[in-house]
Amino acid sequence: MSKLALLGVLSSAVFSGASLLYATLGEIVSERSGIVNLGLEGVLLVSASTGFAVTSLTGNPYLGVLAAVIAGGLMNMILGYLVVNRKANQLASGLALMFFGFGLSALIGKGFVGAKIVGLPRLAVPGSSGLPKLYASLLRFDILIYLAVPVAIAIWWLLFRTRWGLGVRAVGESPDTAFASGRNPRLIRFQALWLGGALAGVGGAHLSIAYAMNWTEYMTAGLGFIAIALVIFSKWHPLYAIAGALLFSGAVAFQLLLQSSGIQVSPFLLSTIPYVLTLVVLMAWGSRRRMAAPAGLGQVYEGVE
Amino acid sequence: MGNTPGRRGAAAFWASLAQISIRYGGVFLLGFGLFGLILLISGSNPIDSYRDIFVSTLGSRYGLSEVLVAMTPLLLTALAVALPSRIGLINVGGEGQMYMGACLATWAALTFGGLPGWFLLPIMVLLGMIGGAAWAAVPGVLRARGIVSETISTLLLNPVAPMIVAFFVFGYWHSPMDTNKTPIFSASARLPTLFGTRISLGLILGLALLAVFWFVMRSTRWGLEMRGLGWNHQAGRLNGIPNRKYVIVVMCLGGAIAGLAGMVLVSGYYGVLLANFSRGIGFMGFLVSWLANGSPIGIVVTSFVVAIILTGGNLLQLTRDLPYSVINILLAMTLFVVLARPSFTRKKAES
């Protein structure tokens with residue numbers, strides 16, 4: 001097994017891990033405010049297709065990312081209207097949003113299948129210039145990858161060190177208590193959903209504009225559900241989410257490594273690792289684990305009439 | 001508590017059927033209107049598209065039969081959600097349970113393909129149900145012991161099942177020609193079809209199971225105990241209803257029904273096991289059951305309407321040059337409209 005192949009494997013793991021981390025962070029923010037978004041897969045798809053379409057039309061990948069961010073936020077606003085204003089069931093609303101995303105992304109991306117775009121520019125990792133050219137070419141990442149971990153830290157800071165974050169967490173634990181202490185649970189949930197959608201939008205944009213550099217229907221292939229699993233795995237905590245995303249990327253890298261070194265392990269069985277591991281962790285932690293989940297998760301805020 | 005069977009029951013049945021039809025009619029119209037708007041924006045003529053959808057589905061004997069074909073798995077995956085929901089369990093794992101059912105049933109079809117149908121099909125049905133039940137048993141036990149909520153565990157197990165199916169299909173079962181599907185099942189491993197159409201025996205199975213579900217919930221001790229647990233777990237337990245046992249058994253039964261849906265799909269519809277044969281039918285079952293508030297009649301009506309939408313999508317793809325998934329927008333639009341009116345389910349739940 002050559003060092004070059006090893007580097008290639010790690011590089012692709014980093015790419016898929018970055019999209020996942022953004023999506024996970026987005027889901028953490030909305031779940032911290034008490035809203036489960038099962039439609040994350042659909043949000044990712046719509047932002048991936050919108051971002052790709054805008055990049056293809058304008059030739060500017062940054063505009064594409066911006067469009068994807070807005071698309072992600074708007075998708076979450078649909079969910080917000082249903083579950084916050086109309087007090088609809090969160091699981092059903094999320095699944096409906098997922099199907100909406102399947103359809104809408106196919107419609108948006110229809111004219112752009114096979115289109116060529118200029119993706120986000122890739123910048124060399126500092127210090128890699130001394131390496132041979134082949135190696136260095138694998139160590140070039142786009143800006144969103146460099147930003148992924150700082151963004152996770154920023155989200156942690158936002159949730160745990162600011163007044164707004166305290167409000168989000170309070171609403172997620174008990175909207176009535178938050179209301180009694182002068183917060184506006186509905187507004188805060190909308191804000192959290194918008195931020196969550198925007199982050200998912202970055203994840204979707206990274207997938208289509210920076211990583212794959214094309215659009216295919218259903219290109220997320222379950223990434224949204226992995227993110228939802230990772231939210232639980234990371235205890236609704238942005239910093240643990242970094243570890244969760246690393247674990248997943250590690251599993252991907254591991255599976256590619258095994259394949260390239262000729263060991264026959266089915267990639268499909270290796271892909272189950274993140275899910276099974278999350279379930280095992282939940283079982284090991286038992287009911288204590290529940291203490292980590294926002295207590296108001298899935299609850300409808302009835303308000304005072 | 002005494003439900004008087006007989007005439008009052010029948011009258012209430014028709015009244016509720018009429019009520020459901022009228023309410024849903026209005027809602028679906030609004031959903032269709034919203035989708036028409038999207039079609040218009042994307043440059044298709046919505047009126048023509050709708051004419052296509054309805055003429056192709058309700059306008060002919062063949063179209064109607066195709067709707068019933070699409071409805072078959074939905075009936076089962078919806079029941080797989082409705083049954084556990086009666087005791088307050090949320091089964092979001094229909095998708096995975098369906099894949100496992102299809103997986104085990106396919107194993108029997110490929111291994112014992114030479115056996116006669118009257119012997120092989122019951123084995124496949126049984127294995128399909130065992131596959132689904134096994135996949136639901138883990139969440140059931142974890143919930144009964146208070147370790148992990150069944151919502152989370154069923155959700156986590158969903159994506160695992162298709163990967164297991166892919167493992168077997170790509171690794172061992174694939175036909176010499178294709179890598180992503182098995183060889184075509186032998187004739188004895190195919191569910192018989194009815195009236196010279198593609199409607200399989202699965203439709204009858206689904207309707208029969210819904211009738212059994214309705215009868216059990218209404219007129220048996222089990223139904224009474226389950227309703228009791230659904231209303232109030234604590235009170236049910238204090239009245240001596242075996243809470244844990246019900247949670248595990250009902251969860252497994254729900255999984256078994258979803259597994260049956262998988263078996264019906266591979267044996268009655270495809271005749272092969274495709275690595276990713278379902279993209280969301282399990283989730284759609286959740287939505288159907290939720291829209292119908294778990295009522296058997298509601299499930300039949302709702303899955304019929306959803307089946308019209310899904311079947312119409314095929315034609316939209318052919319004649320309007322739109323991707324098939326676009327039909328999901330119409331489905332979602334109608335769902336959004338229903339979801340935005342929570343009075344729908346809430347009133348029914350209270351009555």
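The values are calculated or read from the model by the stated rules, or taken from the named source; none is laboratory data. Model, not experiment: these values are computed from the prediction. Reconstructed Cβ throughout: ideal geometry from the backbone, glycine too, with neighbour counts over all protein chains shown.
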Practice task
Would you check if there is a residue in region B:189-199 being farther than 21 Å from B:PHE112 by Cα and exposed (fewer than 14 other Cβ atoms within 10 Å of the Cβ)?
Solution key: yes
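Condition check ((1) assigned to a helix (DSSP H, G or I); (2) out of contact with any His (no Cβ under 8 Å at 6 or more places or on another chain); (3) at pLDDT 80 or above) across all residues:
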residue	(1), (2), (3)
B:MET284	yes, yes, yes
B:GLY294	no, yes, yes
B:GLY298	yes, yes, yes
B:SER303	yes, yes, yes
B:GLY313	yes, yes, no
B:VAL337	yes, yes, yes
Handout entry: Selection status of A:LEU239, more than 10 Å from every other protein chain (Cβ to nearest Cβ), surrounded by fewer than 18 Cβ atoms within 10 Å (Cβ to Cβ) and either under 13 Å from A:LEU21 (Cβ atoms) or among the charged types (D, E, K, R) (or both)
Key = yes
Problem - Residue in region B:260-280 that is surrounded by 24 or more Cβ atoms within 10 Å (Cβ to Cβ), within 11 Å of chain A (Cβ to nearest Cβ) and at pLDDT 85 or above present - result: no
Handout entry: Sole exception among (1) assigned to a helix (DSSP H, G or I); (2) touching an Asp or Glu at 6+ places or on another chain (Cβ under 7 Å); (3) farther than 27 Å from A:LEU7 by Cβ for A:ALA227, by number
Key = (3)
Exercise for the section: Output the qualifying pairs, or none if there are none: Cβ atoms under 7 angstrom, residues six or more apart or on different chains, first residue in region A:144-159 and touching a residue at least 12 places away in the same chain (Cβ under 8 Å), second residue of a type in the set (Lys, Arg). Expected result: A:LEU159/A:ARG32; A:LEU159/A:ARG169
Exercise for the section: Working carefully through the options B:SER267, B:SER219, B:SER289, B:SER295, find the one that is farther than 21 Å from B:TYR324 by Cβ and touching a strand residue (DSSP E or B) at 6+ places or on another chain (Cβ under 8 Å). Expected result: B:SER267
Exercise for the section: Could you give me the residue pairs with C-beta distances under 7 Å whose first residue belongs to region B:78-97 and is in contact (Cβ under 8 Å) with a residue 60 or more places away in the chain and among the hydroxyl-bearing types (Ser, Thr, Tyr), whose second residue is surrounded by 24 or more Cβ atoms within 10 Å (Cβ to Cβ) and assigned to a helix (DSSP H, G or I) wherever it lies, and which are 6+ apart or on separate chains? Expected result: B:SER85/B:SER289
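Report, by residue number, each residue of region B:153-167 that is out of contact with any helix residue (DSSP H, G or I) (no Cβ under 6 Å at 6 or more places or on another chain) and surrounded by 24 or more Cβ atoms within 10 Å (Cβ to Cβ).
Correct list: B:LEU155 only.
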Practice task
Could you list, in sequence order, all residues of region A:90-108 that are surrounded by 23 or more Cβ atoms within 10 Å (Cβ to Cβ), more than 7 Å from chain B (Cβ to nearest Cβ) and under 20 Å from A:VAL54 (Cβ atoms)?
Solution key: A:GLY101, A:SER105
Completion exercise
When A:VAL168 is run through (1) assigned to a helix (DSSP H, G or I); (2) among the β-branched types (Val, Ile, Thr); (3) more than 18 Å from the chain's Cα centre (by Cα); (4) within 14 Å of chain B (Cβ to nearest Cβ), the failure sits at (4)
Completion exercise
Restricting region B:151-185 to residues that are closer than 23 Å to B:ILE90 by Cα and not in a helix (DSSP H, G or I), the one farthest from the other protein chains (Cβ to nearest Cβ) turns out to be B:ASN158
Fill in the blank from the handout: Inside region B:86-142, the number of residues satisfying the requirement of being within 14 Å of chain A (Cβ to nearest Cβ), over 18 Å from the mean Cα position of the chain (by Cα) and either among the hydrophobic types (A, V, I, L, M, F, W, C) or surrounded by fewer than 24 Cβ atoms within 10 Å (Cβ to Cβ) (or both) is 5
Practice task
Report yes if some residue within region A:151-162 is at pLDDT 90 or above, more than 20 Å from the chain's Cα centre (by Cα) and exposed (fewer than 15 other Cβ atoms within 10 Å of the Cβ); otherwise report no.
Solution key: yes
Practice task
Sort out which residues of region B:168-185 are among the aromatic types (Phe, Trp, Tyr) and either in contact with a Gly (Cβ under 9 Å, 6 or more places away or on another chain) or crowded, with 19+ Cβ neighbours inside 10 Å (or both), and write them in order of number.
Solution key: B:PHE168, B:TRP173, B:PHE185
Exercise for the section: Restrict the check to region A:202-216 and report whether at least one residue is within 14 Å of another protein chain (Cβ to nearest Cβ), within 16 Å of A:GLY42 (Cα to Cα) and touching an Asp or Glu at 6+ places or on another chain (Cβ under 7 Å). Expected result: no
Exercise for the section: Say whether the condition of being in a loop (DSSP other than H, G, I, E, B) and surrounded by 13 or more Cβ atoms within 10 Å (Cβ to Cβ) is met by at least one residue in region B:229-244. Expected result: yes
Problem - Only one of A:LEU134, A:LEU193 that is out of contact with any Lys or Arg (no Cβ under 8 Å at 6 or more places or on another chain), within 20 Å of A:ALA124 (Cα to Cα) and assigned to a helix (DSSP H, G or I) - result: A:LEU134
Fill in the blank from the handout: Residues in region A:109-131 that are surrounded by 22 or more Cβ atoms within 10 Å (Cβ to Cβ) and either in a helix (DSSP H, G or I) or within 7 Å of chain B (Cβ to nearest Cβ) (or both) total 1
Completion exercise
Selection from region A:64-89 of residues more than 10 Å from chain B (Cβ to nearest Cβ) and either surrounded by fewer than 24 Cβ atoms within 10 Å (Cβ to Cβ) or of a type in the set (A, V, I, L, M, F, W, C) (or both) yields A:VAL65, A:LEU66, A:ALA67, A:ALA68, A:VAL69, A:ILE70, A:ALA71, A:GLY73, A:LEU74, A:MET75, A:MET77, A:VAL84
